[in-house]
Amino acid sequence: MLDLVVRNAVLPDGRDGMTIGCENGRIVALTHEPVTDARRAIDARGCLASPPFVDAHFHMDSTLTYGRPRVNRSGTLLEGIELWGELKPSLTHDEIRARAVELCRWAVARGTLAIRSHVDVCDPSLRAVKALLEVRGLVKGEIDLQLVAFPQDGFLRSPVGETGLTAALDLGVDVVGGIPHFERTMADGAASVERLCRIAADRGLLVDMHCDETDDPLSRNVEVLAREAIRHGLQGRVVGSHLTAMHSMDNYYVSKLIPLMHEAAMTAVANPLINITLQGRHDSYPKRRGMTRVKELLAAGVNVACGHDCVMDPWYPLGSHDMLDVAHMGLHVGHMTGDAEMRAMFDCVTVNAARALHLDGYGLAPGCWADMVLLQAESAVDAIRLRPARLAVIRRGRVIAETPRAVPTVQLAGETAEVTFHIKRHSTRSG
């Protein structure tokens, strides 16, 4: 007897009428054939079953602090960094842990079961690092939480940047981070990338750097990151996050840069909600969109993932940690409204993001972990359009969140009808 069967499901690749059988935390069957012998059965009734959403870039130490110590009036990245610097000394271990756990509840409710969170290491006490390491252990049954040692104030610029990062890695933080564009000079930025990649290579760790998060087209740390990935044999293990300067670079330079990133097997992580909010703040008109070149990177074979980045913190006043909101914004900002492009954006918050995090056993196939989300939608594009209810969120074959189906009833033009927000399909058969 199987532990769980999901019947009559549609998959992101369009296959419908599928049955997914789960046993001992793994998917053991994916078939059109009926499977009846299970301890629990869920009838998807033609709804979408997807692998869980993956947030490839987030800041859990600062989440849910909006308005502390005050609101970011300019809306800029730099004022957000300034506010975070003022707030850090007042934070406590328990308070950081409580906010992070609450955010994890939001994530699970939205079907996000893997998060890569950057954590500030430029605090001599490493208070946030220790709190999030505790959270990682608390939620491991529900969420794969990866932590990035992030020198928010600059690896070289901060007097505790290097010691804090090293200590955080010694405590068990998973990934080496950096922020080269926030160093004092471009040369210091390049030097920080070189040293951080050497640390990652020596320790056998992954790399994920905030890179060129600026409107300055001359901020070109990403090419240094690609070079160092190749030099240190880190191909496939390096992520460049944000890369918003690429939006402002000339096409000739980018025609060289993207192949270099491909050679380094880098992942590019865009954060559409935050990139479109923070960038272009110094422009008059026309205002730049500020998101990296997602469409062009995908076309060149570069893995592109997306992150939520912030929820209600010094940089962003909104958010509910819904990765479909991220995909929805991304396809608008990136002019990605072709059918294949919209489906590619769904991949950016699922399979591409899982690839960036090197998640083991991710996907909907026999042998993969029995992790999935059942959405009240008919396709991946439909899910982005509607950002619908997550009818069931499943982790290792166990339902850990449920939401009732929503079918409003409307009175209009003398008739009462249910509204499903789907186009009615009329039969074209004759006779």
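Any read-out appearing in this document is the output of simple, stated calculations on the displayed coordinates, not a laboratory observation. Keep in mind the model is a prediction, meaning the values are calculated, not measured. Don't worry about glycine lacking a Cβ; one is built from the backbone with ideal geometry, like all the others, and counts go over all protein chains shown.
Values as computed for the structure displayed
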item: Relative packing of peptides 202-211, 98-107 - highest average C-beta neighbours within 10 Å first; result: 202-211, 98-107
item: Backbone HN-Hα couplings from phi across the range 205-219 [Karplus 6.51/-1.76/1.60, Hz, Gly and Pro as x]; result: 10, 7, 10, 8, 10, 4, 9, 6, 7, 7, 8, 6, x, 8, 7
item: GNM flexibility winner over the chain from Asp322, Asp339, Asp153 (Cα, springs under 10 Å); result: Asp339
item: Tally of Lys pairs whose C-alpha atoms are under 24 Å apart, taken over the range 53-356, 8 or more apart or cross-chain; result: 4
item: Relative packing of peptides 55-66, 121-132, 174-185, 16-27 - highest average C-beta neighbours within 10 Å first; result: 55-66, 174-185, 121-132, 16-27
item: Whether the range 267-310 is rounded, prolate or oblate, judged on the alpha carbon gyration tensor where a/c under 1.5 counts as rounded; result: oblate
item: Charged-residue dipole, Cβ positions (Lys, Arg, Asp, Glu), the range 349-398 about Cα centre, Debye nearest 20; result: 180 debye
item: Using a Förster distance of 60 Å, the FRET efficiency for Ile81-Val419 (Cβ separation, nearest 0.05); result: 0.85
item: Isolated Cys in the chain, by beta carbon distance under 4.7 Å; result: Cys22, Cys47, Cys104, Cys122, Cys197, Cys211, Cys310, Cys368
item: Gaussian network model of the chain, springs between alpha carbon atoms under 10 Å - residue of Val304, Val349, Val254 with greatest fluctuation; result: Val254
item: GNM result for the chain, Cα springs below 10 Å: residue of Gly236, Gly67, Gly189 fluctuating most strongly; result: Gly67
item: Relative contact order %, the chain, counting alpha carbon pairs below 8 Å whose residues are six or more apart; result: 18 percent
item: Rg to Rh, two decimals, where the range 130-195 supplies the alpha carbon set and Rh follows Kirkwood; result: 1.07
item: Dipole in debye (nearest 20) - the range 251-310, about Cα centre, beta carbon charges: Lys, Arg +1; Asp, Glu -1; result: 220 debye
item: Segments 306-314, 327-335, 290-298 sorted - mean Cβ within 10 Å per residue, highest first; result: 306-314, 290-298, 327-335
item: Dipole in debye (nearest 20) - the chain, about Cα centre, beta carbon charges: Lys, Arg +1; Asp, Glu -1; result: 600 debye
item: Listed residues Gly80, Thr337, Val28: farthest to the positive end of the dipole of the chain (Cβ charges); result: Val28
item: Estimated inter-spin distance, Arg45 and Glu402, nm [label 7 Å along Cα→Cβ]; result: 1.3 nm
item: Farthest toward positive dipole pole in the range 53-356 [+1 Lys/Arg, -1 Asp/Glu at C-beta], among Cys348, Cys306, Asn275; result: Cys348
